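Below is one structure, written out as structure tokens; the observations come after it.
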Amino acid sequence: MGILFSMLGNWVSREELPVVLVPPLFDFPPLAARYRMLESSYDILFSKLSRACLFGDYFQESGQMMARILLRPPDDPRVDFTATLRGPFGSNTDAKADAIFRWQQHPQDPHNFMDIKVSNSNNTLQLRSCAFFRDYGTGVFAILPILIQKRINLEDYGTMGIRYGSKHLSVGTTFTPVPSKEFPASVWMVSRIGQITSGFQYKPIGKEQTGSIHDLRNWSFAIDYGTGKKGPLNPSFNFSMEYCNNEKLIASFYQHLVVQRKVKNPFEEDAVVGITNYVDLGFEFHSRISGKELHANQGESNFQVAASWQANKNILLKAKFGSVSSAAALTFKSWWQPSAAFSFAFVRDHLHGNTKCGFGIHIDNLRDASYERADPNYVMLTPTKQHVAEGILQNHHKRPMLKTDVTSGNFEALPKSLHPIDDII
């Protein structure tokens with residue numbers, strides 16, 4: 001009987017332990033991360049992937065409507081299907097549609113896969129494949145257009161590549177399967193030492209340019225200072241400088257914040273004292289040093305700044321302001337299985353002086369749709385965490401906040417959607 005009362009007491013104390021709700025991110029890991037082994041590491045690192053999601057996701061094109069479906073059969077998690085339809089309101093003739101059927105060797109390994117893409121654009125049928133051998137750090141990949149209306153550029157005949165990747169170094173090259181004077185098509189090398197990441201890329205661009213390695217217009221250089229791990233529960237900071245094609249300088253800043261705020265929800269248990277929020281901030285400044293301007297009214301430089309706030313598992317607010325355009329977006333997501341997200345965006349074009357709206361529907365069951373709660377089995381009290389959410393610990397003896405042990409690198413108790421992205425660069 002004494003053992004029974006002891007177990008009951010432990011159960012009651014466990015239920016009364018204050019907890020913090022930890023909602024999953026709307027779109028983590030990003031879908032583009034599944035195809036990063038087909039891309040140059042130079043085009044993915046230096047916070048480029050994070051900034052592309054911040055400045056692009058849910059900001060639908062002006063006057064456009066987009067619908068996207070991402071489905072994975074529960075009986076075979078190695079395959080999935082993605083379909084996207086976008087076009088202007090009230091018009092079906094200008095709509096663009098594509099569909100991708102993907103197979104990967106293991107559900108949790110996105111680096112070994114093969115997919116088939118069909119589209120109503122120029123590349124009507126395309127085959128993409130990648131194989132990465134983790135034990136040796138080497139991989140091969142290919143992008144092959146099978147059916148295409150016109151083959152004008154070398155890329156229309158396909159692209160093949162070889163890469164090496166580890167925690168501190170990424171080296172690779174791409175080339176076309178047909179003989180060409182422009183060999184290789186691109187070369188990149190990126191290295192990471194401590195908090196500093198630097199690299200270069202050789203990639204001829206423009207029809208008037210040749211593949212000469214002596215032409216500085218074919219080279220780009222970048223350096224990045226970053227802190228924090230790449231997981232959604234870890235705050236991170238990145239500042240990057242990039243010199244592109246001997247004509248443009250790009251300075252960027254990106255920060256991912258994980259804050260905890262007090263919550264009063266009558267539908268939650270009394271033990272729930274707070275909720276984790278995710279705030280992302282980004283800034284880009286483009287300065288034209290030489291060469292032709294991209295637009296007559298754009299000037300020698302342009303900038304854009306953006307911020308997003310995920311208040312809970314259902315609501316995401318985003319806004320951006322720039323010299324070319326400004327936009328705001330509101331997204332509501334229901335975590336059913338599959339999940340459904342509805343986004344509304346308003347875009348102001350400063351060059352033409354007009355404002356248009358966009359609407360998007362996203363159906364997704366590729367990512368974990370669980371609403372996680374901090375588990376008392378792996379949390380510890382941290383009543384000195386005022387710097388994370390100022391003012392929330394005024395009565396910290398009654399309402400202590402909780403902190404998971406993810407800072408120690410223990411992610412086993414977390415769902416896959418909250419794990420850091422693979423550290424292979």
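Give the number of residues within the range 137-160 that are in contact with a helix residue (DSSP H, G or I) (Cβ under 9 Å, 6 or more places away or on another chain) and under 23 Å from SER41 (Cα atoms).
Residues that pass the stated criteria total 7.
Those residues that are of a type in the set (Gly, Ala, Ser), without any contact (Cβ under 8 Å) to a residue 60 or more places away in the chain and closer than 27 Å to ILE424 by Cα, I need them from the range 175-199; list them, please.
ALA185, SER191, GLY194, SER198
For a quick check of your reading of the model, give me the residue pairs whose first member lies in the range 296-307 and is part of a loop (DSSP other than H, G, I, E, B), whose second is modelled with pLDDT of 55 or more, with beta-carbon atoms closer than 6 Å and at least 6 apart or on different chains.
ASN297/LEU351; GLU300/ARG288
Here is a yes/no grid of residues against (1) farther than 27 Å from ILE152 by Cβ; (2) assigned to a loop (DSSP other than H, G, I, E, B):
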position	(1), (2)
ASP94	no, yes
GLN105	yes, no
ASN112	yes, no
THR124	no, no
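Suppose the filter is in contact with a helix residue (DSSP H, G or I) (Cβ under 7 Å, 6 or more places away or on another chain), more than 16 Å from LEU316 (Cα to Cα) and not hydrophobic (A, V, I, L, M, F, W, C); does ASN238 pass it?
no
A quick yes/no check of all residues on (1) at pLDDT below 95; (2) of a type in the set (Asp, Glu); (3) more than 23 Å from PRO232 (Cβ to Cβ); (4) surrounded by fewer than 18 Cβ atoms within 10 Å (Cβ to Cβ):
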| position | (1), (2), (3), (4) |
| --- | --- |
| GLY291 | yes, no, yes, yes |
| LEU294 | yes, no, yes, yes |
| LEU316 | no, no, no, no |
| SER334 | yes, no, no, yes |
| PHE346 | yes, no, yes, yes |
| ASP349 | yes, yes, yes, yes |
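Surrounded by 13 or more Cβ atoms within 10 Å (Cβ to Cβ) and in contact (Cβ under 8 Å) with a residue 60 or more places away in the chain - does that describe any residue in the range 81-101?
Within the range 81-101, none of the residues are surrounded by 13 or more Cβ atoms within 10 Å (Cβ to Cβ) and in contact (Cβ under 8 Å) with a residue 60 or more places away in the chain.
List every residue pair whose Cβ atoms sit under 6 Å apart, with the two residues 6 or more apart in sequence or on different chains, where the first one lies in the range 238-254 and is among the small types (Gly, Ala, Ser) and the second, anywhere, is outside any strand (DSSP E or B).
Once the first residue is among the small types (Gly, Ala, Ser) and sits in the range 238-254, its partners that are outside any strand (DSSP E or B) give SER240/PHE46; SER240/SER47.
The values are calculated or read from the model by the stated rules, or taken from the named source; none is laboratory data. These numbers come from a predicted model, not from an experiment. Here Cβ is always computed from backbone atoms with ideal geometry, including for glycine, and neighbour counts include all displayed protein chains.
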